[in-house]
Amino acid sequence: MDSTDRSKHIPWLEKYRPQVFEDIVGNEDVIDRFKHFAVHGNIPNFILAGPPGVGKTTTILCLARKLLGDIYKDAVMELNASNERGIDVVRNKIKMFAQSKMSLGPTQHKIVILDEADSMTSGAQQALRRTMENYSNTTRFALACNSSEKIIEPIQSRCAVIRFSKVGDKQIADKIIDICNKECLQYDNEGIEAIVFTAQGDLRQAINNLQSVSDGFNKIISSEHVFKVCDEPHPNFIKDMFKHVLDSDVDEAYAIIANLYHLGYSPEDIISNVFRICKSYPLPEHLKLDFIKEIGITQMRICQGVNSLVQFSGLIAKMCRKSM
């Protein structure tokens, strides 16, 4: 298999992973700070906190490439959640890497990237704290995590905590359209909106969903295809349900939700989509707040395991009463 054939089988997530800061989508203020670090070198230790799929690991890899140049592959160690990262790995593997001799410039450092750092054991984090102290002259650590609260305080105090937020819907849409054009896909606005809707600010999820739809439906991206692949209730059903709720038509609104329930969609997905549609549906502000309160109570009960159709019928009855 030659290199051209091999490139066709690379997952789009890796194929379109940014290699430089300018290609990273979203979190512009954070990226500007990293550009500043790349110019001046001598970086601090980092904790990169934020939801999945927003570019935490990609950003630190771009910084490492910019700072280290030709020695990037030798001077960077990356460990993620698939690696064993107990106390032995910190004491041996990471410590050995930090001790290794390497010819670096005055503002260059070896970089250890720990992805999903919030899943490390407390003992491993304690050992890591000592390693960070002892090898601060030669090595910098970048810890990527979803929640910085799960990182022990001594490590937090030794790091610059940088928070990432979800990628904006328009930015995801622009990136998806760019990939569609490069891959010669057929798409329409509804298909792109469906990809953005299912991604919920996670660009990685959006690109994965796009490739799944493209492979499953012969490069045709439409909203029906997207919701089939992602196995989520189509938002149009939920919008129709809200229309009947505003008309106080309990029977019709219930029939839509009951149909989705009997089609096999999980109650968690149904109530999640009801909430997301409610946020953007044109409603009077006071009514929207009342609806969100009732949806939240129902979602709590579903998450606690009480996920029968009775919960949805009660929710629809309460929303219809408030809309009267």
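The values are calculated or read from the model by the stated rules, or taken from the named source; none is laboratory data. Just so you know, these numbers come straight off a predicted model, no measurement behind them. Counting neighbours? That spans all protein chains shown, and the Cβs are built from the backbone with ideal geometry, glycine included. Areas reflect the complete protein model, heavy atoms only, side chains present, ligands, DNA and RNA absent. Shrake-Rupley method; radii C 1.70, N 1.55, O 1.52, S 1.80 Å.
Only Lys, Arg, Asp and Glu count, each charged at its Cβ (+1, +1, -1, -1), so figure out the dipole size of segment 231-319 about its Cα centre, rounded to 20 debye.
Details: 8 positive and 12 negative charges, 57 e Å.
Using Cβ point charges on Lys, Arg, Asp and Glu, segment 231-319 gives about 280 debye.
Report the charge-dipole magnitude of segment 191-242 in Debye, nearest 20, computed about the Cα centre from +1 at each Lys and Arg Cβ and -1 at each Asp and Glu Cβ. The partial results should precede the final answer.
Values: 4 positive and 7 negative charges, 23 e Å.
Using Cβ point charges on Lys, Arg, Asp and Glu, segment 191-242 gives about 120 debye.
If you line up the long axis of helix 122-134 against the longest principal axis of the chain, both from Cα atoms, how many degrees apart are they, to the nearest 10?
40 degrees
Using a 1.4 Å probe, how large is the accessible area of L309, given in Å² and rounded to the nearest 10?
Answer for L309: close to 30 Å² accessible.
For segment 43-100 and segment 22-42, write down the distance between their C-alpha centroids in whole Å.
Taking the Cα centre of each part, segment 43-100 and segment 22-42 sit 17 Å apart.
From the square roots a ≥ b ≥ c of the eigenvalues of the alpha-carbon gyration tensor of segment 1-129, which class results: rounded (a/c under 1.5), prolate (a/b over b/c), or oblate?
Working: a/c = 1.40, a/b = 1.25, b/c = 1.12.
The shape class here is rounded.
Taking amide H atoms as placed 1.01 Å from N in the peptide plane, list the residues 5 or more away in sequence, or in a different chain, whose amide H sits under 5 Å from that of A160.
Those lying under 5 Å, H to H, from A160 are N45, F46, I47.
Can you find, among I295, F227, M120, the residue sitting farthest towards the positive end of the charge dipole of the chain, where Lys and Arg contribute +1 and Asp and Glu -1 at Cβ?
Value computed over the given set: M120.
When the Karplus curve 6.51 cos²θ - 1.76 cosθ + 1.60 is applied with θ = phi - 60°, which whole-Hz ³J(HN,Hα) does each residue of segment 110-120 get, with x for Gly and Pro?
Each residue's phi maps through the Karplus curve to give 5, 10, 10, 9, 10, 7, 6, 5, 6, 9, 6 Hz.
In whole percent, how big is the carbon plus sulfur part of the accessible area of the chain, probe 1.4 Å, protein atoms only? Working shown, then result.
Numbers: 8160 of 16580 Å².
Heavy-atom surface of the chain belonging to carbon and sulfur, 1.4 Å probe: 49 percent.
Would you calculate, for the chain, the mean residue ellipticity at 222 nm contributed by helices, counting each DSSP H stretch of 4 or more residues as -39,500 (n - 2.57) and dividing by all residues, to the nearest 500?
Values: 17 runs with 183 residues, N = 324.
Value at 222 nm, helices only, nearest 500: -17000 deg cm²/dmol.
Per-residue HN-Hα couplings for segment 210-215, Karplus 6.51 cos²θ - 1.76 cosθ + 1.60 at θ = phi - 60°, whole Hz, x for Gly and Pro?
With the stated coefficients, segment 210-215 comes to 4, 5, 4, 5, 4, 5 Hz.
Just to check I understand the Karplus step: with θ = phi - 60° and J = 6.51 cos²θ - 1.76 cosθ + 1.60, what whole-Hz values come out for segment 255-267, glycine and proline as x?
Result, rounded to whole Hz: 4, 5, 5, 4, 4, 4, 4, 6, 6, x, 5, 6, x.
Which links in K56/K293; K170/K322; K35/K175; K15/K239; K166/K228; K150/K182 stretch past 31 Å when you go from one Cα to the other? The partial results should precede the final answer.
Values: K56/K293 33 Å; K170/K322 33 Å; K35/K175 21 Å; K15/K239 36 Å; K166/K228 25 Å; K150/K182 40 Å.
Table pairs above 31 Å Cα-Cα are K56/K293; K170/K322; K15/K239; K150/K182.
For K243, K101, what's the largest-to-smallest order of accessible area, 1.4 Å probe? Each step should come with its number before you reach the end.
Details: K243 110, K101 190 Å².
In descending accessible area the options line up as K101, K243.
If amide hydrogens are placed 1.01 Å from N in the peptide plane, which non-local residues have theirs closer than 5 Å to the one on A144?
L48, L114, D115, E116, A117
State whether segment 240-319 is rounded, prolate or oblate according to the following rule on the C-alpha gyration tensor (a ≥ b ≥ c being the square roots of its eigenvalues): a/c under 1.5 gives rounded; otherwise a/b larger than b/c gives prolate, and the remaining case gives oblate.
Details: a/c = 1.69, a/b = 1.26, b/c = 1.34.
Note, shape of segment 240-319 comes out oblate.
Classify segment 140-295 from the C-alpha gyration tensor, please: rounded if a/c falls under 1.5, else prolate or oblate depending on whether a/b exceeds b/c. Spell out each step's value before the answer.
Numbers: a/c = 2.29, a/b = 1.29, b/c = 1.78.
The shape class here is oblate.
How much of Y261 can a 1.4 Å solvent probe reach, expressed as accessible area in Å² and rounded to 10?
Accessible area of Y261: about 60 Å².
Could you give the size of the charge dipole of the chain about its Cα centre, using +1 on the Cβ of each K and R and -1 on the Cβ of each D and E, expressed in debye and rounded to the nearest 20? Provide the component values of the computation, followed by the final result.
On the way: 39 positive and 41 negative charges, 294 e Å.
Dipole size: approximately 1420 debye.
Could you state the angle between the C-alpha long axis of helix 235-246 and the longest principal axis of the C-alpha atoms of the chain, as a value from 0 to 90 degrees rounded to the nearest 10?
Result, in degrees: 50.
Compute the long axis of helix 56-68 from its Cα atoms, compare it with the longest principal axis of the Cα atoms of the chain, and write down the angle in degrees, 0 to 90, nearest 10.
Helix 56-68 sits roughly 30 degrees off the main axis of the chain.
Give me the accessible area per residue for segment 196-324, probe 1.4 Å, as a whole number in Å². Each step should come with its number before you reach the end.
Values: 6410 Å² over 129 residues.
Normalised by residue count, the accessible surface of segment 196-324 is 50 Å².
Could you order the peptides 197-204, 104-111 from most to least packed, using the average number of other C-beta atoms within 10 Å per residue? Numbers along the way, then the final one.
Values: 197-204: 20.2, 104-111: 16.1.
Most protected by this proxy first, the peptides run 197-204, 104-111.
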